[in-house]
Amino acid sequence: MIQDDWWPRTGGGPVHVKELSIALAETFGHEIDIFTRALRQGGKRYDSTERFAGGKVLLHRLGPCTEYWNPLGRITSLATPIPHLYSGAYDIIHGHTFLPAMPTRLGREVTDASTVFTVHGTAITSGVGRDTSALSNIKLRIERKFVLDFEYDHVISVNNEHVGLLSKHHSNVTCIPNGVDIDRFSQDRDRGNDILFLGRLAPKKRVSDLIRAFALIEDEFPTSDLVIVGTGPEKDSLVSLATELDVDDRVRFEGRVSDEAVTEHYATAGLFVLPSVWEGHPLTLLEAWAAGTPVIASSVEGIEEFVDHEETGLLVPSKDPERLADALRYALENPAEALEWGRNARELAEREYSWKGVAERTHDLYQKIA
């Protein structure tokens, strides 16, 4: 497995790769090496080898050890896994997310291994407006090259929406969605009235829309606070927005929290809200479902194909704080109905989104192409 980022950074990519690797090892006996970057953050180095699944899964952090966004670290990660792939006698090389496309593609040339590339979401579809940086057009062209033009033996998409696009460029494409550790999340807790967002504070998540929506209803629900868990580049601007809207006493920025605290937040929140403008297949949605937490989410790619409106959650248009405020108001005024969404979603997660099930489908794919 090749994965661009790893802890202490958080996100769906490393969770997916770790949980999938452990399930493949424990259920089907695979031996897996994960290659990722050595990272430095907050004055600490994260560059040691780690073992999972009784040693069947080894995580290798490859140097140089840099901050995540350091250009040297990002560029060298395109090549550093190659010597390990060449000498490893692997049956499968499985790349994930964006930059690992390069070593996965090169691995196809220098080894006898079959290659798999998983697309966890892409800005290629309706990419306009997602990235407003000066280099957005260049990054989009590179992503298009990596995702569409490179050859792999098989491509996996975590949602069905991208299958059509990918099938125009690759002969073998399969949808295998994300999974969730059902047993980790409890649904047998007394819920409060707080509104929860949990995720990276990045532009695509549109947490600003959630703060604006909350400001429209906060005086109607004096026992409800907005709890924002996570870190990211938008943190300072979101804190300023809460102050500007005079809701800073009702909006709690929790920052990065422990795994135990994550499960506690899901278990006790009255609502979980995901106001993104796009997703691949968000793990936070599955985590909220596993905890039985009622969900309100944007009706956008990577979300709307999974959420059954008014059955497993409530869908609202993206970039519309007023409509989001209406949805929050409805859910808070009808808690019994909202809890029913949560119960339905928990049953769906148990039935269709276990990591064991994801690993079984991945194992079957490996068997066909190895």
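Every number here is computed from the coordinates shown, using simple stated rules; none is lab data. Just so we're clear, the structure is a prediction, and the values are computed from it rather than from any experiment. Neighbour counts are summed over all protein chains in view; Cβ atoms, including those assigned to glycine, are modelled from backbone coordinates with ideal geometry.
Okay, here's what the table says:
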{"quantity": "Footprinting exposure proxy for 111, 293, 76 (fewest neighbouring C-beta atoms within 10 Å first)", "calculated": "76, 111, 293"}
{"quantity": "Test item: Cα-centred dipole of the chain, Lys/Arg +1 and Asp/Glu -1 on Cβ, debye", "calculated": "1620"}
{"quantity": "Shape call, segment 182-352: gyration tensor on alpha carbons, a/c limit 1.5", "calculated": "rounded"}
{"quantity": "Relative contact order %, the chain, counting alpha carbon pairs below 8 Å whose residues are six or more apart", "calculated": "15"}
{"quantity": "Share, in percent, of DSSP beta bridges within segment 182-352 that are antiparallel, nearest 5", "calculated": "0"}
{"quantity": "Under 5 Å, built H, 5+ apart or other chain: amide partners of residue 252", "calculated": "226, 227, 228"}
{"quantity": "Charge context of residue 301, other residues only, Cβ under 10 angstrom, K/R +1, D/E -1", "calculated": "-4"}
{"quantity": "Placed amide H near residue 2: partners under 5 Å, 5+ positions off or other chain", "calculated": "35, 94, 95, 96"}
{"quantity": "Bridge type composition, the chain - antiparallel percent by DSSP, nearest 5", "calculated": "15"}
{"quantity": "Net charge dipole size for segment 182-352 [Lys, Arg +1 and Asp, Glu -1 on Cβ; Debye, nearest 20]", "calculated": "440"}
{"quantity": "Summed residue charge, Cβ within 13 Å of residue 89's Cβ, Lys/Arg positive, Asp/Glu negative", "calculated": "-4"}
{"quantity": "Residue-averaged [θ]222 nm for the chain, counting only DSSP H segments that reach four residues, each worth -39500 (n - 2.57)", "calculated": "-11000 deg cm²/dmol"}
{"quantity": "Separation of alpha-carbon centers, segment 143-160 and segment 222-283, rounded to whole Å", "calculated": "32"}
{"quantity": "Unsatisfied cross-links (Cα-Cα over 25 Å) in the set 56/204; 139/205; 139/168; 145/356; 18/168", "calculated": "56/204; 145/356; 18/168"}
{"quantity": "Karplus 3J(HN,Hα) series, Hz, for segment 139-144 with 6.51 cos²θ - 1.76 cosθ + 1.60 (x for Gly, Pro)", "calculated": "4, 5, 5, 5, 4, 4"}
{"quantity": "Degrees separating the helix 321-333 axis from the principal Cα axis of the chain, which is the longest one", "calculated": "70"}
{"quantity": "Interchain or long-range residues, amide H under 5 Å from residue 32's placed H", "calculated": "57, 58"}
